[in-house]
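J.: Encoded as structure tokens, here's the structure I'll be asking about.
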């Protein structure tokens, strides 16, 4: 239920945990002549792309990742307890999935080879990023303004969603509060939600609110989609850590359907609900990590297709081509190793050739390997007009959590705005100004050290015809805030408005 709260007049205004997935129950090896690498490839690519040893440093492999993998292969160990900190209900759900089987699926000899391979092949320290694009600390034509909502000592913004029609910004937080701000960032309404809000949809019959159930990893189905102004009945119940909801007529019956990304933890799914009816559930893909989709007619056949991004162990982009009458054909177009950390994407025609490309951020780092990774950052994958995608640009950015594309400087091409959250990166925000031919100038500012920016939204705040940006900060704990205080930060606004002044 969503409860409306009393407003004080004039008051101012997914993470998701990446795991390495359950390793397949490969047969116990009897080939004594296999090299260590061959054995590692055999077991560690049975259900996701093979993770090369240079992806992580030796200590992370030996002390964190491999002990967890041992549990997934039926080998207990003293270095970790996969059920630590969980209540019995959570433990029962995970045991039912057989994530950590009691029967071993690898011999002691082969497991020793796997450990030895990563221990001897991994670098001693994480590989550093190649920062070939210098980040200038003089952010152009954006005027920065911090926004305090409740003077929280530990801001935890989970959602920013702008309603263009009403010029309202909705802000959700981890304290289960949802706030509506007008175009001057004055609080209009406040609601109490059952759990943190992560998305909204502005339908013809009014806005609906998607709550995640649990920000922390969980198998429990506590997420809901609820009408904001009539919350006596939920639109959709018992969702497994949902992260996004969209409305579209998928089966072209003139009725709107709901498409929900249920991220989950060890299990999840991408699902659509016919006519918004929770009893008419159609599973597109049963897989953990369903993070975000976009709906567009890719093959120009008049039917809406779905482009979905999945994180967790199965890091991939999947197209669901609409065959009509509610049937879809699935095609994986991009696939990455399990530490890649997919976090967000947009479909845009980046090179103006008439085909939609993929702009993506990868930097999700709340997993078994909380180290800086040189392959995290912002990427552009170009479409050859046949839905074959090739990486054409990469900007290294530790902990990249979201990227948005727009012609912010009005010169006719697309620029990129990115935030970093899953890292102690010195650049919490980067503006990549397009110079043409996939060449960019990178800009930031010391002002972004006042927060850890998890969320970002585009909006025309001042109604001057260009798009501004607003960032939302999320401190998981006081330690994260303390690190910024050591660096000189004194105030921590919940929101940071970037007013576009290029005109």
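J.: Return only the number of the condition from (1) outside any strand (DSSP E or B); (2) buried (at least 23 other Cβ atoms within 10 Å of the Cβ) that residue 432 does not satisfy.
T.: Checking residue 432 against (1) outside any strand (DSSP E or B); (2) buried (at least 23 other Cβ atoms within 10 Å of the Cβ), the one that fails is (1).
J.: Determine whether residue 407 is over 30 Å from residue 368 (Cβ atoms) and either over 20 Å from the mean Cα position of the chain (by Cα) or assigned by TED's automatic domain parsing to the domain that holds residue 374 (or both).
T.: Judged against the criteria, residue 407 is a match.
J.: Here is a check on your reading of the model: is residue 238 in a strand (DSSP E or B) and either in the same structural domain as residue 96 (by TED's automatic domain parsing) or at positive phi (or both)?
T.: The answer is yes for residue 238.
Yes/no matrix, rows are residues, columns are (1) in the same structural domain as residue 300 (by TED's automatic domain parsing); (2) more than 18 Å from the chain's Cα centre (by Cα); (3) crowded, with 21+ Cβ neighbours inside 10 Å:
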residue	(1), (2), (3)
355	no, yes, no
358	no, no, yes
362	no, no, yes
366	no, no, no
373	no, no, yes
377	no, no, yes
382	no, yes, no
385	no, yes, no
390	no, yes, no
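J.: If I ask for residues that are under 21 Å from residue 108 (Cβ atoms) and surrounded by 17 or more Cβ atoms within 10 Å (Cβ to Cβ), which ones from segment 54-63 would you list?
T.: 61
J.: Name the one entry in 458, 441 that is in the same structural domain as residue 164 (by TED's automatic domain parsing) and either within 19 Å of the chain's Cα centre (by Cα) or modelled with pLDDT under 95 (or both).
T.: 458
J.: If residue 257 passes every condition in (1) under 20 Å from the mean Cα position of the chain (by Cα); (2) crowded, with 21+ Cβ neighbours inside 10 Å but one, which one does it miss?
T.: (1)
J.: Something else about it: Only residues in segment 451-465 that are closer than 23 Å to residue 427 by Cβ count as the first member; pair them with residues that are assigned to a loop (DSSP other than H, G, I, E, B) and modelled with pLDDT of 95 or more, Cβ under 7 angstrom, at least 6 apart or cross-chain, and list the lot.
T.: Close Cβ pairs (under 7 Å, with a partner that is assigned to a loop (DSSP other than H, G, I, E, B) and modelled with pLDDT of 95 or more) amount to 458/467; 459/467.
The values are calculated or read from the model by the stated rules, or taken from the named source; none is laboratory data. Source: prediction; values computed, not measured. Cβ coordinates were reconstructed from backbone atoms using ideal geometry, including for glycine residues, and neighbour counts include every protein chain displayed.
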